[in-house]
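Below: one structure, written as structure tokens.
The values are calculated or read from the model by the stated rules, or taken from the named source; none is laboratory data. Because the structure is predicted, anything quoted here is derived from the model rather than measured. Heads up, the Cβs are rebuilt from the backbone with ideal geometry, glycines too, and the neighbour counts pull from every protein chain shown. Note: accessible area is taken over every heavy atom of the protein model, side chains too, but ligands, DNA and RNA are not part of it. Shrake-Rupley method; radii C 1.70, N 1.55, O 1.52, S 1.80 Å.
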Number of protein chains: 2
Amino acid sequence: MADYHALWESLGMDLDTHDQLCAALPPLFEETFLNQTDRPEGMDYFNMVIAEVHGLRIQELADHKARGGLVVGSFCVYVPEEIVSALGGVLVGLCAGSQFWVPAGEKVLPRSLCPLIKAGLGAKLSRTCPYFQSVDLVVGENTCDGKKKAWEILGQHVPMHVMDLPNRKSPAGFALWREEIRRLTEELERRTGRTLTYENLLEATRRVDDKRRALQKLHGTRKNDPSPLSGTDALVTTQIAFYDDVPRYTAMTNQLAEECLARIAQGKGAFPVGTKRVLLTGTPVVVPNWKIHHLIETSGAVVVGEENCTGSRYYESTTDLSGVRDLPSLLDALAHRYLDGIHCACFSPNEERFDDVVRLARETGAQGVVDATLSFCTTYQVEGENLRRRLAQEGIPLLSLETDYTPGDEGQLRTRIEAFLENLG
Amino acid sequence: MADYHALWESLGMDLDTHDQLCAALPPLFEETFLNQTDRPEGMDYFNMVIAEVHGLRIQELADHKARGGLVVGSFCVYVPEEIVSALGGVLVGLCAGSQFWVPAGEKVLPRSLCPLIKAGLGAKLSRTCPYFQSVDLVVGENTCDGKKKAWEILGQHVPMHVMDLPNRKSPAGFALWREEIRRLTEELERRTGRTLTYENLLEATRRVDDKRRALQKLHGTRKNDPSPLSGTDALVTTQIAFYDDVPRYTAMTNQLAEECLARIAQGKGAFPVGTKRVLLTGTPVVVPNWKIHHLIETSGAVVVGEENCTGSRYYESTTDLSGVRDLPSLLDALAHRYLDGIHCACFSPNEERFDDVVRLARETGAQGVVDATLSFCTTYQVEGENLRRRLAQEGIPLLSLETDYTPGDEGQLRTRIEAFLENLG
């Protein structure tokens, strides 16, 4: 990696502390990714993106800002990238995946809160996340109590706009969400000086949906036995979708998908035919939190899908353009794509998620499901009880795991994963 | 107490386990309440209500049902008692205040969840709450992730209707809440066979607001030094408001308030003049969770107010009838009373709560504030950081405590409370 210290300094970062973080990432990446064998060549691009995650991409964002473009940060798949993109902005995911940031977050947040939120606030407060330092605006959303209330603290340190979500999908809930999309548009128009039009939003919607379709194509190849791609590699490609330049990312993902199809034709897999197959479900898995995938795939199984926000919830639904003819109808379609197309535990009821888990397990030929939740994630943990009942009805084995960002639980998790895999049919 | 075993058996209760609970309550009540000195005579009624909490009142509910009346249960101050009452129903709070019920709740819920929710579900699952066994319907609300998701489990064991709430107060949020009030009305009309009218809702609104005004009058007397009423006694009067027959409760509370005014005139207090005064804020304190009040008032201070859902959030706001002329405008006014008049941490932002805490601390002459939250209550715990900042700005000392329903933390809590009180001006 080139030397980006001048760039980081210009962003007001704490350079010494950030250097410690930069030193910790490469060995973790090497152990998790580069030690794998039989990887597709197309993963080289994604290796590079991770190696440059705090460098090249940050330089690109700085260049974008120098050209007058807006950079918007988010923590959630409900923030509509299409609108940001239509107004010439770039949407990026913010740092929230490492224990490195948790202690700084715990200075202002209770310990009994999910590590993702503590890390997110800690990353800003410690000035060690170059994405946080680059954004002109953070768009938060009320998808859980922890984030909803943490925005009140984060908003004292960075410009924030919060989108409300209903807790139940209903006509009145849709009206509320549609109004929130209008409010976001207004805020972004004000900040960019641009106007959202039918044309620019349609173009952006197609651009973002092309990215989602590339991911569908890539992840679809994992249904094959052997899967042409390890779950660990598949995960990181989705994680990178939150950060990378959209058209470039789409092209590289389509290219990787083509290579995976060719590997299938050649009978080449990341693991041997007949390797036990597992579907992961649960809470988001953000960079560099690769723990559960790594544990499963070094315990003799392959992860063949992720029913989570850094998985199918991110890319499975696209905007239905069939009835769209003007800006209001396009915004309606977009609002439906987000509200109806994503099955998050923030909604009650959320039976569609159970349908998704069962369908994905069947489609991918998974013999079992691992429900991995971050500690203190109330919505997914309570929902886990009804997921357990549903999967028992369907005869699909389930392992429920709770984890955080500390390495301390790996031994215990590995023991449980190995025992679960041993019993899979 | 008379023998209610036949009644309890008719409700399908687990009699043996419930007997254990019935045996535990009187000594706890005696230690907490009856050991106090200089209590107003009007507390005799409330002593009796607690003594008969699983007896006489349950018989009254059975009699009400025998006459064709509906009994509705709830866990929250957002469930509009006025509408239940207008349709001839009785609204009662459900059991959720004792560790006794927690283990049964933990069979279906994560341990890292607030004890109130675990106890609530446990009370139903263990069939040891006669209120749960008496209700025709539970009305839940989406005020926190834990409850929102727990309804999905509870709804498998009892008829449920869930009201959605927005996470932010906004015009679209109000429209959503107003629609939820309409949906509740529809559900209750269907179950009662009655029709909500301007006349019956206006009468019920006045009836419920008379109860709130009686509480305002009673708690207003605590501004005096000496307070004519201990905080522990004041707390239990508000707790009973959630269970008791409304007109009788209102009459007895007004009578107690009159006695307190007479005591002020006579200079009679629950504690000596000059006793250190504390305002409590935080999460709901439901029967028989009297821990924090008891610890404070046996550590040399008096609790002079509760800014919580079993305190001012329950009784401070009434329905503004000034622009009301028909059923729709009355329902609007009612919706505003609930959404605008209660400052719950489920909303973001919720600065009005900080205003309330500061105002109540000043009005009651409290020298300090104790922010007591139940373990894992994310909304109030995260909000605690900004409460801390606000009270520091105002120069009001704050003690933040986290507690659950186990007795194990009493020693540690007492030490912290004593140290806090020692430093109060």
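Using a 7 Å offset from Cα along the direction of the beta-carbon, what are the separations from residue B:258 to the same position in each other copy, nm, ascending? In nanometres, ordered from closest: 9.0.
A loss of 30 Å² or more of accessible area (1.4 Å probe, protein heavy atoms, ligands and nucleic acids excluded) relative to the isolated chain is seen in these residues of the range B:100-115: B:108, B:110, B:112. Buried area at the A:B interface is about 3500 square angstrom, summed over both chains, from accessible surfaces computed with a 1.4 angstrom probe.
Placing +1 on the Cβ of every Lys and Arg and -1 on the Cβ of every Asp and Glu, with nothing else charged, gives chain A a dipole about its Cα centre of roughly 600 debye. Between B:253, B:197, B:283, the Gaussian network model of chain B with springs among Cα atoms under 10 angstrom shows the greatest mean-square fluctuation at B:197.
Contact residues in the range B:170-197 (at least 10 Å² less accessible area with all protein chains than alone, 1.4 Å probe): B:172, B:176, B:179, B:180, B:183. For the range A:1-86, the alpha-carbon coordinates run over 42, 33, 22 Å along the three principal axes, in decreasing order. Tell me the label-point distance for the pair residue B:268, residue B:182, using the 7 Å Cα-to-Cβ offset, in nm and rounded to one decimal. Rounded to a tenth, the inter-label distance reads 5.4 nm. What percentages, rounded to whole numbers, describe P(r) for the range A:5-181 computed over all alpha carbon pairs with 5 Å bin width beginning at zero? Bins of 5 Å from zero give 1, 8, 15, 18, 18, 16, 12, 7, 4, 1, 0 percent of pairs. Solvent exposure of residue A:75, expressed as accessible area, is near 40 Å², computed with a probe of 1.4 Å over the protein chains only. Of all alpha-carbon pairs in chain B, indicate the percentage at a distance above 38 angstrom. Counting pairs separated by more than 38 Å, the tail of P(r) holds 16 percent. Once you order the gyration tensor axes a ≥ b ≥ c over the Cα atoms, which shape class does the range A:290-425 get: rounded for a/c under 1.5, otherwise prolate or oblate by comparing a/b with b/c? Judged from the Cα gyration tensor, the range A:290-425 comes out prolate (a/c at least 1.5, a/b above b/c). Ordering B:196, A:381, A:62 by the projection of their Cα atoms onto the charge dipole of the protein assembly as shown, which places +1 on the Cβ of Lys and Arg and -1 on the Cβ of Asp and Glu, puts B:196 at the extreme positive end.
Entry note: the protein assembly as shown has Rg to Rh equal to 0.99, where both radii use alpha-carbon atoms and Rh is the Kirkwood radius. The mean count of C-beta atoms from other chains within 10 Å of the C-beta of residues in A:366-378, rounded to a whole number, is 2.
In this Cβ point-charge picture (+1 for Lys and Arg, -1 for Asp and Glu), the protein assembly as shown has a dipole of about 620 debye about its Cα centre. Solvent-accessible area per residue in the range A:5-181 equals 32 Å², computed with a 1.4 angstrom probe and all protein chains kept.
Distance between the pseudo-spin-label points of residue B:41 and residue B:223 (7 Å out from Cα toward the beta carbon): 2.8 nm.
Here's the list of lysines a cross-link from residue A:217 could span, going by alpha-carbon distance under 23 Å and ignoring same-chain residues fewer than 8 apart: A:268, A:276. Annotation: amide H of residue B:138 within the under-5 Å range of B:73, B:160, B:161, sequence separation 5 or more or interchain, hydrogens built in the peptide plane. Interface residues of the range B:309-356, defined as a loss of at least 30 Å² in heavy-atom accessible area between the chain alone and the complex of all protein chains with a 1.4 Å probe, are B:348. Surface composition of chain A: carbon plus sulfur atoms hold 51% of the accessible area, using a 1.4 angstrom probe and ignoring ligands, DNA and RNA.
Any lysines with Cα under 26 Å of the residue A:107 Cα? List them, leaving off those in the same chain fewer than 8 positions away. Cα-Cα hits under 26 Å: A:118, A:124, A:147, A:148, A:149, A:291. Rounded to the nearest 20, the Cβ-based charge dipole of the range B:36-111 about its Cα centre (Lys and Arg +1, Asp and Glu -1) stands at 400 debye.
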